[in-house]
1. Kindly indicate the residue of the stretch 12-53 that is at pLDDT below 85 and on the phi > 0 side of the Ramachandran plot and also surrounded by the fewest Cβ atoms within 10 Å (Cβ to Cβ) among those meeting that condition.
2. Mind checking which residues of the stretch 443-473 are free of Cβ contacts under 8 Å to residues at least 40 places away in the same chain, in a loop (DSSP other than H, G, I, E, B) and out of contact with any Asp or Glu (no Cβ under 7 Å at 6 or more places or on another chain)?
3. Go through the residues of the stretch 396-407 one by one and say whether even a single one is under 22 Å from residue 369 (Cα atoms) and among the basic types (Lys, Arg).
4. Looking only at residues that are closer than 25 Å to residue 189 by Cα and among the polar types (S, T, N, Q) in the stretch 234-266, which one is nearest to the chain's Cα centre (by Cα)?
5. Which pairs do you get when a residue that is closer than 23 Å to residue 233 by Cβ, found in the stretch 6-26, comes within reach of a residue that is surrounded by fewer than 22 Cβ atoms within 10 Å (Cβ to Cβ) and β-branched (Val, Ile, Thr), reach meaning Cβ atoms under 7 angstrom, with the pair 6+ apart or on two chains?
Amino acid sequence: MGENGENPLVAQFKEVCAVPDDVAVQFLQFHGWNLEEALHTYFRNDGILPENGHAELRRRGVDSPSTSNSSTDEVNFEQARRFSTSDLGSSSEDDDEVNGQGFLHNILGWVKTIVTLPFRATQLSVLAFYDLLMSIFYLFRHPALSVSDPQGDVRSFVDRFNEKYCPSGNHIDWYLGSYNDVLQESKQSLRFVLVYLHSDHHQNTDRFVRDKLLSDPARTFFRRNNLLMWGASVRTGEGYKVSMNLRNTTFPFIALIGMRDNRMAMLAKAEGDHDIESVLYPMQTAIDENIGHFNTLREARLQRDIDSRLRREQELEYERALAADRAKETERKRVESERLEAERREQEEREALINKKERLQRMKAKIQSSLPEEPSSTEECIRVNIRFPSGEKMERRFCPNDSLELLFNVTLSHESCPDDFSLLTSYPRKQLHCSPSWYREYASGDLDDSPISTFAEAGFPKASVVLVQDNEA
């Protein structure tokens, strides 16, 4: 196949690991030109061939397919050269002898091929079955690279990057989340993402980082475009996954990621060691060409925010109006309830007053029907002149031993007597204790609970005047 650089296995190993030809050949030779095993060993050992690698190569005696083919070609070429440089001046007998030997040799070769054909077919079948078993074995023994801790891989890269290239500060503001996290942040904040894939073993990495990635023009470019900076080492699972996703073939490698047609896409990339101007110019052009989409999304999002805010304000205003209406309705119901309650109480009070008056009228009628006869004028008696608030008067004779309650009953039975009244002596003016206990319900004043005395006990003269006082007047 020619040189190792033309070998497809070598080319694939170089494309994934970004290493020189000799390193790729060493790893492939160590694993018998098994690309998957060679890649696993490279990433598992951080690009270092195991210590017994060279001894293992010598023990196996394995060489590259291109080298083996070249050796075979050299042998065939040597044989052809020998036939071509044979003595052209030999006799015809020698030619016949040579031709005979060649014909015999060809016959023996065909016979040998026919006899050994079943054995070779069996051998090839066994080798194919062996290769299948080994493939299954390697598949389960060395699973594909997986991302176990994406954020840990990114933080490890950032820490080592700052420690090596920025010991005095002035760091790049790297995004510390995973690759998927930074893409989500780009969608949310409508910012472009600059992805940097770092390869420690590439000969141009240090110069690119120090002289270009950390240069003032690059930092100005990052700040002016408000980029989300994300980086990872391809020696980690997260970096390797992104490297395969972005299909980078060499280092240094940076890519610009942004929104296009409502999906995330790689807008520009730079591979290899180039001048910083030739790296930043196409990226700035890609940003200028795609910033309109971001602006459209930003305006649409702003309009949605304005509409949402207006809806919220309208909803709040509606809620306030509804709350005010509810408060008015509650107040109306409260006032109505209080009015109805007042009317109910008034009705109850009226009914109670009517019932009270009716009871009092029944009591008056009962008392009036049970009044004793007035004593005759010939008997020793006490004449009481009763004066009502209306100006009417009445006179009644009482025995000295009669209770003052009889005076109360006589007064109550008169048609001019108010329902709530008190009896007072004219001189000296004082209230008489003559109301029975049942009258407590109808009197507004305080009634004495002491026993009611008789006329004689009260010291009534033979003739006296009693005033009827209306307590409700």
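The values are calculated or read from the model by the stated rules, or taken from the named source; none is laboratory data. Predicted model, so just to flag it, every value in this text is computed and none were measured. Every residue, glycine among them, receives a Cβ derived from its backbone with ideal geometry; neighbour counts consider all protein chains shown.
1. Ranking the candidates gives 46 first.
2. Kept after step one, since they are free of Cβ contacts under 8 Å to residues at least 40 places away in the same chain, are these residues of the stretch 443-473: 443-451, 457, 459.
With in a loop (DSSP other than H, G, I, E, B) added as a condition, the list becomes 443-451, 459.
Once the filter is applied, which keeps residues that are free of Cβ contacts under 8 Å to residues at least 40 places away in the same chain, in a loop (DSSP other than H, G, I, E, B) and out of contact with any Asp or Glu (no Cβ under 7 Å at 6 or more places or on another chain), the stretch 443-473 yields 445, 446, 447, 448, 449, 450, 451, 459.
3. Checked the stretch 396-407: at least one residue is under 22 Å from residue 369 (Cα atoms) and among the basic types (Lys, Arg).
4. Step one: list which residues in the stretch 234-266 are closer than 25 Å to residue 189 by Cα, which gives 238-239, 241-243, 245-246, 253-266.
Next cut, among the polar types (S, T, N, Q) only: 243, 245, 262.
On the way: 243: 31, 245: 29, 262: 23 Å.
So the residue we want is 262.
5. Taking only residues 6 or more apart or on different chains, the pairs are 15/249; 18/250.
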